[in-house]
1. Would you kindly give the portion of the calculated P(r) for segment A:1-114 that falls above 17 Å, as a percent of all Cα pairs?
2. Can you show me the helix-derived [θ] at 222 nm for chain A, built from DSSP H runs with n ≥ 4 at -39,500 (n - 2.57) apiece and divided by the number of residues, rounded to the nearest 500.
3. Are there GluC sites (Glu not before Pro) in segment A:549-627 that DSSP marks as loop and that have at most 11 other Cβ atoms within 10 Å, and which are they?
4. Near A:G465, within a Cβ-to-Cβ distance under 10 Å, what is the net charge of the other residues, with Lys and Arg +1 and Asp and Glu -1?
5. Would you be so kind as to identify all helices of chain A, as entire DSSP H runs, whose Cα atoms reach 24 Å or more along the helix's own axis and whose mean Kyte-Doolittle hydropathy is at least 1.0?
6. So how do B:162-168, A:256-262 stack up, highest first, on mean other-Cβ count within 10 Å?
7. In nm, to one decimal, how far is the modelled label at B:E53 from the one at A:I570, with both set 7 Å along Cα→Cβ?
8. For chain B, with a Gaussian network of springs between Cα atoms less than 10 Å apart, report the residue from B:T147, B:T31, B:T57 with the top mean-square fluctuation.
Amino acid sequence: MSGPSDFQPTNPALKWIERRLPIMGLMHSSFVAYPTPRNLNYWWTFGAILSFMLGVQILTGVILAMHYTPHADMAFKSVELIVRDVNYGWLLRNIHASGASMFFFAVYIHMFRGLYYGSYKEPREVLWILGVIIYLLMMATGFMGYVLPWGQMSFWGATVITNLFSAVPYFGESIVTLLWGGYAVGNPTLNRFFSLHYLLPFVIAGVVVLHIWALHVAGQNNPAGVEPKTEKDTVPFTPYATMKDMFGVSCFLLFFAWFIFYMPNYLGDAENYIPANPAVTPAHIVPEWYYLPFYAILRSIPNKLAGVIAMFGAILILAFLPWLDSAKTRSSKYRPLAKQFFWMFVVVCIGLGYLGAQPPEGIYVIVGRILTFLYFAYFLILLPLLARIEKPRPVPNSIADDVLAKSGGKAPMVSAVIAVLMAGGLLVGGADSARAAEGGNKPPAQKWSFSGPFGKFDRGAMQRGLKVYKEVCASCHGLSFVAFRNLAEPGGPGYSVAQAQAFASEYKVKDGPNDQGEMFERPGRPADYFPSPFPNEQAARAANGGAFPPDLSLITKARSYGRGFPMFLIDFFTQYQEQGPDYVTALLQGYEDKPPAGFNLPEGSYFNTYFPGHAIKMPKPLNDGQVTYDDGSPATVAQYAKDVTHFLMWAAEPHMEARKQLGLQVFVFLILLTVLLYFTKKKVWANAH
Amino acid sequence: MTTASSADHPTRRDFLYVATGAVAAVGAAATVWPLVSQMNPDASTVAAGAPIEVDLTPIAEGQDIKVFWRGKPIYISHRTKKQIEEARKVPVSSLPDPQSDEQRVKPGHDQWLVVVGICTHLGCIPIAHEGAYDGFFCPCHGSVYDTSGRIRQGPAPTNLPVPPYTFVSDTKIQIG
């Protein structure tokens with residue numbers, strides 16, 4: 001893209017094509033011969049990482065769309081069926097869901113890098129603005145993608161975000177109705193979000209092409225912030241930048257794979273494993289972590305319209321950055337004041353992210369307002385001011401000089417990486433602690449055989465748990481995503497196909513219509529799902545004093561509790577993600593005959609230590625000796641509770657063992673690849689230094 | 001400098017590049033596997049393709065019914081004496097896809113013809129009791145099958161396939 005290429009293929013067939021469509025010349029001049037500054041550091045590999053992530057998201061997204069059903073009644077179930085039944089469906093979904101977080105993680109680093117090194121300054125203004133457009137498109141795409149699983153957070157996230165537009169004077173209500181395609185968020189909303197979620201990534205890809213084009217016209221910025229002058233300042237893109245980028249991508253993949261295979265739900269919200277319910281709003285609506293800073297700005301402003309304007313303004317202000325910061329020196333390396341304020345700005349952003357996840361009350365609101373002010377002050381007051389009063393240090397004469405002057409100094413890089421990781425952790429932890437204060441005691445952590453990177457289910461516990469479910473829980477709770485055939489699948493409770501068949505035939509399943517047009521009952525088959533105890537929600541409520549006994553298929557993933565600081569950070573490394581099972585086990589044992597003095601127990605409720613709010617409608621379900629075990633395990637409530645939770649954990653994630661096994665293989669492979677790429681890169685660059 | 005160092009250790013340098021390239025290629029190939037494998041029928045579809053049982057009592061002589069197994073229509077014909085005779089009269093060697101009628105039915109149950117009702121030409125569904133041979137006629141491109149479901153005329157290359165089935169009793173079959 002930088003002028004006509006002198007590239008000429010030697011093969012006559014290629015020559016023939018090249019004369020008519022010079023595509024090979026274009027590729028050669030853009031990605032092979034293209035001169036790239038020789039002093040780029042690893043922060044510059046995030047461009048390649050982002051391109052890679054866009055490819056990953058489009059590829060996995062197109063595949064998921066092959067199996068997904070965009071209908072309000074079927075979307076949640078279809079996502080579960082992808083995870084349970086489609087070959088490697090769990091892998092594809094995990095990649096796509098955590099891929100979204102990784103994409104934003106990388107884009108934030110990319111943006112902060114541009115901010116620090118002044119990559120938006122003349123002549124790269126258009127390049128920067130295209131980047132802001134890509135970021136806006138990413139936010140829209142990410143939001144609409146989050147709606148598609150149609151869980152509680154999907155539904156209420158869609159409601160809250162679309163309602164932002166109701167702040168528009170005069171036309172607000174009409175705009176929102178237009179967005180919804182109805183009087184509330186519903187099936188038409190889901191359908192159009194699916195359509196747009198499929199469309200926008202390709203729009204992003206198009207703008208990325210423009211972004212790269214603009215980049216190749218202006219040339220890359222570099223840590224020194226001086227333009228290349230002679231040939232000594234640059235190296236050809238291939239192999240130098242290519243190898244470095246590949247090494248960067250490989251390192252990033254290690255980080256990514258940690259989430260895919262070991263922490264797939266760490267960045268998600270347990271609430272989204274509950275199907276969308278238009279009648280109940282979750283206690284804490286928290287957006288995904290990557291929107292939190294803007295969410296905090298929205299909530300800091302006590303006026304609806306002003307809040308919405310501030311939120312969008314916080315993003316749009318980035319587009320004006322090239323003119324707000326008129327300092328001639330690009331790189332903050334040579335701007336002693338700008339450098340310090342940059343890091344303060346990073347802290348402000350992280351602080352806003354943390355506050356975005358906190359309940360909007362008390363001190364959080366006040367700090368939120370201060371940080372919102374500081375956010376805007378950085379752009380509107382500080383940067384214009386600095387450009388006038390700051391005395392920058394002299395910049396190097398050329399990039400080659402900068403390379404020569406470099407004396408090792410990798411330390412800032414390392415500390416920056418640590419800072420970035422801590423920041424990410426803090427944001428996630430912020431989301432986590434929002435779930436904390438819900439008025440239930442923290443359940444004690446249990447030892448589970450399935451926890452950790454090598455965790456496996458305990459077949460005995462699962463078989464006993466199935467018995468407890470069948471004899472006790474099943475009278476009120478369904479297990480509608482689990483089929484009898486699953487009982488004989490690898491990674492499951494370890495029954496044979498014949499045993500699963502026999503188990504299924506004990507159930508009566510409704511089928512039909514037959515040739516006479518009538519429904520009839522027949523014995524269950526392996527392909528059938530566990531029948532639910534009630535025909536519909538109304539019947540379930542009528543039989544249970546107004547309460548709806550939730551389906552247990554996903555209960556161990558749909559329940560969680562806040563881990564608090566610093567546990568959530570430690571959890572990332574220990575791979576602790578058993579909040580759900582810990583809670584379910586504790587709940588089953590948490591009944592007290594008498595509520596503590598002063599606690600007002602409503603009629604028809606029971607006191608449970610671990611239930612949020614303590615008043616639960618479910619009577620104490622388990623008693624000692626209630627279920628007979630054949631294998632000599634103690635017939636106690638504690639044992640029942642642990643066994644049935646163990647079984648339900650498998651029911652919620654039947655491919656957990658496969659996930660962890662494949663994870664180990666992928667990690668061995670990725671470490672090998674990364675080491676090889678490191679040495680290859682070193683070898684390639686040995687000539688350049 | 002560049003040429004000197006690579007000339008000194010040409011094999012070591014090449015080995016590193018080849019090894020890196022090979023490992024990356026293996027990774028790319030392994031990544032393709034799940035991306036393609038997901039297109040195969042999922043576990044619920046496979047489970048739904050389990051064998052089915054069909055009661056033959058309601059089917060009178062000369063009648064046929066269509067049932068679905070694995071999403072495919074299966075014709076079950078209760079053939080008349082005349083139809084069976086027609087099918088057995090024709091010399092096998094004269095057929096485009098030579099197969100005797102005995103090979104296509106279960107011994108002792110000669111009157112029951114069970115075939116997959118999908119034309120072997122391009123997948124349309126042939127109409128029963130039509131065509132010159134009193135068997136099946138495919139309206140799409142004019143393939144004609146006889147009372148044993150064998151191709152007699154038209155573009156279809158092979159006979160209508162016989163699905164796997166067994167007689168559970170004299171009046172009940174299990175397909176699959």
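1. On the way: 4501 of 6441 pairs.
More than 17 Å apart: 70 percent of the Cα pairs in segment A:1-114.
2. Details: 26 runs with 369 residues, N = 689.
My calculation for chain A gives -17500 deg cm²/dmol from helical runs alone.
3. Values: sites: A:E578, A:E592, A:E603; in loops: A:E578, A:E603.
In loop regions of segment A:549-627 (DSSP not H, G, I, E or B), the sparsely surrounded GluC sites (Glu not before Pro) are A:E603.
4. Residues close to A:G465 contribute a combined charge of +2.
5. Details: long enough: A:46-67 (31 Å, 1.85); A:89-116 (40 Å, 0.71); A:125-147 (34 Å, 1.86); A:187-218 (46 Å, 1.19); A:336-356 (31 Å, 1.46); A:411-434 (35 Å, 1.62); A:656-686 (44 Å, 0.88).
Span-like helices in chain A: A:46-67, A:125-147, A:187-218, A:336-356, A:411-434.
6. On the way: B:162-168: 14.6, A:256-262: 21.0.
Descending mean neighbour count gives A:256-262, B:162-168.
7. The modelled label-to-label distance comes out at 5.9 nm.
8. Result for chain B, Cα springs under 10 Å: B:T31 fluctuates most.
Bear in mind that the values in this text are calculations on the coordinates, not laboratory data. What you are looking at is a predicted structure, and each value in this text was computed from that prediction instead of being measured. Positions of Cβ are backbone-derived with ideal geometry, glycine not excepted, and every protein chain shown enters the neighbour counts.
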